[in-house]
Amino acid sequence: MNVIFTCGGTGGHINPAIAIANIWKERHPDSKILFVGGEMGLETTLVPQAGYELVKLPADGFYRGKSLRAIKNNLKAVSLNLKGIRICKKLIREFKPAVIIGTGGYASFPALLAGAMMKIPICVHESNAIPGLTTKLISRWADKVLVCFPECGHYYSDPSKVEVVGMPVRREFIYTKRADARKELGLDERPVIVSAFGSQGAETMNWAIGKLFKLEQDAGFPYQHIHATGSYGWRWMDEYVREQGVELENAPAIRMSEYIYNMPTVMAAADVVISRAGAASCNEIAVAGTPNILIPSPNVANDHQTKNAQVMVDHGAAIMVRQRECSADVLLEHIQSLLADPKAYGDMRKSLQDMAIPDCAERVCRIMENLAKGKVQ
């Protein structure tokens, strides 16, 4: 059974598709897998790195609102999407997929709509607590709408299509052992704090972390701290940290890098994670069962990161701090509070484990198999 995966833009859309594709490949080793995405997003890097072929479409997203800029952009987006649909129809005729699955991003719209128009079974996976525009638009034609949280179902016009499956994550997040991870990273017995705010980083949060380093130094480095600055922060943060009075070469308890490439290992070793509240981050944290402090980005569509974080908080699985209220002192207070209360810490870990659906990718593959066989349940 050949399969088309379509996604684009951010890692939160692309990594789940890759996780599902890896399981599908195990279950159907003779199946051909093709990814369809945009020309500019992270899919152009992540998909080939994962060993899959990527067809890149000219694509652009729709703007909300009625400003002149929004109208001009949306006219361009309509033209590009129509072109993308034509390309995808030809691709589908040649590739003959048994099923098409989309995991988000405006670049996924042409392949999903073309599939629906050609009577190919399609399903979409929405990683956020509220649906993105592409998922909302395509859900009326989708055979299945797969979501992470039970709270998501009421956003869709046909709840019978909706199934809660969780978030597909790499198996390493599930099975990496804490002791093995700490040994691999060369860590001692002090608590480990991990902070990361996306591939580009977040200037405001990097400032707060730089000041947190100083507070940790003043306290005699009671923690080991691993921080990813992101590509933008990497340009200036070393100097900024030095301005705070922390010389990293003399502070082995602090490890700062542009990006954490071995996140499953680092998260398994962590005692507390400080993170944005993107869907992928929330679900990786849940599967790893690591108590956490979430600072939602205020600069995303529909404020969906706050809604993601609120779902976690409602389940007792996270502490949420608004960015405007976040400072080094606030972060340190929450870290100290978590680590000083074994019961609260253990309760949060259990809540995370209760939320997690470790076999999500397998569940999605079974749904895809049923769709391909015409067994829509």
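When the range 323-363 is limited to residues that are within 24 Å of Pro16 (Cα to Cα) and of a type in the set (S, T, N, Q), the one that is modelled with the lowest pLDDT turns out to be Gln353. Pairing residues of the range 1-18 that are at pLDDT below 90 with residues that are in a loop (DSSP other than H, G, I, E, B) and among the polar types (S, T, N, Q), at Cβ distances under 6 Å and at least 6 apart in sequence or on separate chains, gives Met1/Ser31; Gly12/Ser127; His13/Thr103.
A quick yes/no check of all residues on (1) of a type in the set (Val, Ile, Thr); (2) in contact with a Cys (Cβ under 7 Å, 6 or more places away or on another chain); (3) surrounded by fewer than 17 Cβ atoms within 10 Å (Cβ to Cβ):
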| position | (1), (2), (3) |
| --- | --- |
| Ala228 | no, no, no |
| Gly233 | no, no, no |
| Val241 | yes, no, no |
| Gly245 | no, no, yes |
| Pro252 | no, no, yes |
| Ile274 | yes, no, no |
| Ala279 | no, yes, no |
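Just to be sure before I move on: is Ala328 among the aliphatic types (A, V, I, L, M) and within 20 Å of Met263 (Cα to Cα) in the structure I sent? For Ala328, the condition - among the aliphatic types (A, V, I, L, M) and within 20 Å of Met263 (Cα to Cα) - is not met. Note on the range 253-322: enclosed strands (runs of 3 or more DSSP E) holding 3 or more residues that are more than 15 Å from the chain's Cα centre (by Cα) and at pLDDT 95 or above are 254-257.
Name every residue in the range 132-155 that is hydrophobic (A, V, I, L, M, F, W, C), outside any helix (DSSP H, G or I) and surrounded by 20 or more Cβ atoms within 10 Å (Cβ to Cβ), in order of residue number.
First pass over the range 132-155, keeping only residues hydrophobic (A, V, I, L, M, F, W, C): 133, 137-138, 141-142, 145-149, 152.
So of that shortlist, the ones also outside any helix (DSSP H, G or I) come out as 141-142, 145-149.
Of everything in the range 132-155, those that are hydrophobic (A, V, I, L, M, F, W, C), outside any helix (DSSP H, G or I) and surrounded by 20 or more Cβ atoms within 10 Å (Cβ to Cβ) turn out to be Ala142, Val145, Leu146, Val147, Cys148, Phe149.
One residue stands out in the range 327-353 among those that are surrounded by 18 or more Cβ atoms within 10 Å (Cβ to Cβ) and within 22 Å of the chain's Cα centre (by Cα): the one that is farthest from His225 (Cα to Cα), namely Ser351. Residues that are small (Gly, Ala, Ser) and either touching a helix residue (DSSP H, G or I) at 6+ places or on another chain (Cβ under 6 Å) or in a helix (DSSP H, G or I) (or both) within the range 328-374 comprise Ala328, Ser337, Ala340, Ala344, Gly346, Ser351, Ala356, Ala361, Ala372, listed in sequence order.
So which residues in the range 10-27 are in contact with a Leu (Cβ under 7 Å, 6 or more places away or on another chain), more than 18 Å from Glu53 (Cβ to Cβ) and not small (Gly, Ala, Ser), if there are any at all? Thr10, the sole residue that qualifies.
So that you can scan it fast, the table gives a plain yes or no per residue for (1) modelled with pLDDT of 95 or more; (2) closer than 27 Å to Cys282 by Cα; (3) not assigned by TED's automatic domain parsing to the domain that holds Asn292:
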| position | (1), (2), (3) |
| --- | --- |
| Ala202 | no, yes, no |
| Trp207 | yes, yes, no |
| Gly210 | yes, yes, no |
| Leu215 | yes, yes, no |
| Tyr223 | yes, yes, no |
| Ser231 | no, yes, no |
| Val241 | yes, no, no |
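The values are calculated or read from the model by the stated rules, or taken from the named source; none is laboratory data. If you're wondering where the values come from, they're calculated on a predicted model, not measured in any experiment. Cβ atoms come from the backbone with ideal geometry, glycine included; neighbour counts cover every protein chain shown.
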